[in-house]
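Remarks on the structure that follows.
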Amino acid sequence: MKWGRYLRKWLALSVAAQALALTSPAAAESSISAADQQRLLDLTTSVLSKEIDLERFYLKYRIVGTYDPGYRYYRYFALQDAGTSLTLSANLLSEREFGTHLHDPDRISRRTARKALCAGMLGSIFDGASSAIELASNTRLAIAHRLKNENPRWSTQSVLERLKIIDAQEAERESLIARLPDSPATEIYRAETNVLRTYRQWCLYEYSTIYADVKSFQSSYNIYYGMNIIANGWYLASFLLGYKLFNRPNLGGKSAVSAIVGDSLTIADVPAYTYGYKVLYKFWTSRLGRAMKQQFVEPRSEAKTAFDEFNKRIASARPSDLASCPGADLRRKIYQDWSLGYDDFVEKESVDVRHEYRVALQGNLSGPAVGGTYLAQDVMGALSFYSTKKTHPSASESLAFAGSISSLVGTSASLAMTNFFFINEQLHNRKLKKQHIYPDELIQARFKTLDSFDAMLSSNGRSTQ
């Protein structure tokens, strides 16, 4: 009986000791093995590392996708300036002849008229050639990117491969966290899960903007170049028909109608480029979302909320809790610097974005206005031929003279704006470089920041997952 009482007391004490051990922090943390705890840390740093690598990848793609030969802008400006100058010379010659012999059209110099037509033809050729060269250059670059596997489709496949690895590691990480009992250390890991998710979505959103911008920017510019080539083709046809007027006067109407077609394309050219960009941007973003089965929403506010929660968990944790989450404080600094760096990048880049918006707005206003002056000239030319040529020769010449004045104003404005836009662009780029916010500099600064994050993780014993 005595031994029975001792045995019962010993069993009761053993059960109580085991219950106490299970409720102690040490026992709680031992619910997963030390190897699993190390695996949890490795997965956390690996997911963060791969999100950093994802951002580095799509920034490199942005450089490739938006690459523009440095001499392109000067080449295009030179040809455009030459073409507009030649067209202006043609208008000056025509205006002088019509004005001088307004009441005596038979004395108009055929030699001068031919010179004006030749200058106009050369102007159309130079203007159309400027767009044809750039369209060919864009085509060559697109083929080169495809041959090098640097095209948009390749970039999307590469992003999907990276996301697949990130998601798999994040799923494994969450399964390990689910096996941990409730504790301050576990709450830190759970809060960091939300941070990693929002930063993944952040990277995905930024990639979608880069992808859609590259696709729509190239396509919309090709629309602009194509329409400009066609318009100048009609102008060239008009000048050629005008040249034959000396021997075949009945071609005057066809010459005017050909020019009117070119004018219509000129008026619609810049708005078509701008509107085309917006439509294509939405199209490519939607198509990318379907291909990746993702929704692209900028999660900046969600990221801030997640980071604040993570930051609060760390701030309220005891030293023993932080010891159970090695590197949490260092990763908190990375998340903070990442967020602040992106905000700084957006703010600095907005200077160039606002400039591009103003240039686009000016083009949308000035392009149709200049095209309208050309249209006025050619409509007057058509009226001159079809309505008054035979019945009222004097009125016919007056209409032609008024049309030449309208075109002279438009061509002069076009030449002035071509030079203004060029000089303004050079001054703007100089300003950006002086303030160290030139787009290339901003991207390189982001690369340096990402490299510093890698160095911080490496110094903390980052896993090579």
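Since every read-out is calculated from the coordinates, none of them should be taken as a lab result. None of the values given here were measured: they were computed from a predicted structure. In this analysis, Cβ positions are derived from the backbone assuming ideal geometry, glycine residues included, and neighbour counts consider all displayed protein chains.
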Which of 227, 456 has the fewest Cβ neighbours within 10 Å, and the rest in rising order: 456, 227
Calculated FRET value between residue 298 and residue 96, using beta carbons and R₀ = 51 Å, to 0.05: 0.30
Unit charges on C-beta of K, R, D, E only; dipole of the chain, Debye: 740
Using distinct alpha-carbon pairs, which all enter the 1/r mean, Kirkwood radius of region 33-459 in Å: 25.8
Relative exposure of 351, 257, 270, judged by other C-beta atoms within 10 Å (fewest first): 351, 257, 270
Inter-label distance, nm, simple model (7 Å from Cα along the C-beta direction), residue 158/residue 111: 6.4
Projected label distance in nm at residue 343 and residue 283, using a 7 Å step from Cα toward the beta-carbon: 3.8
Anisotropy class of region 64-168 from Cα gyration tensor, a/c 1.5 cut: prolate
For region 396-419 versus region 262-284, the gap between their alpha-carbon centres in whole angstrom: 25
Sequence of 164, 304 once ranked by neighbouring C-beta atoms within 10 Å, starting from the fewest: 164, 304
Peptide ranges 119-127, 311-319, 365-373, 196-204 listed from the most packed, as the mean C-beta count within 10 angstrom indicates: 119-127, 196-204, 365-373, 311-319
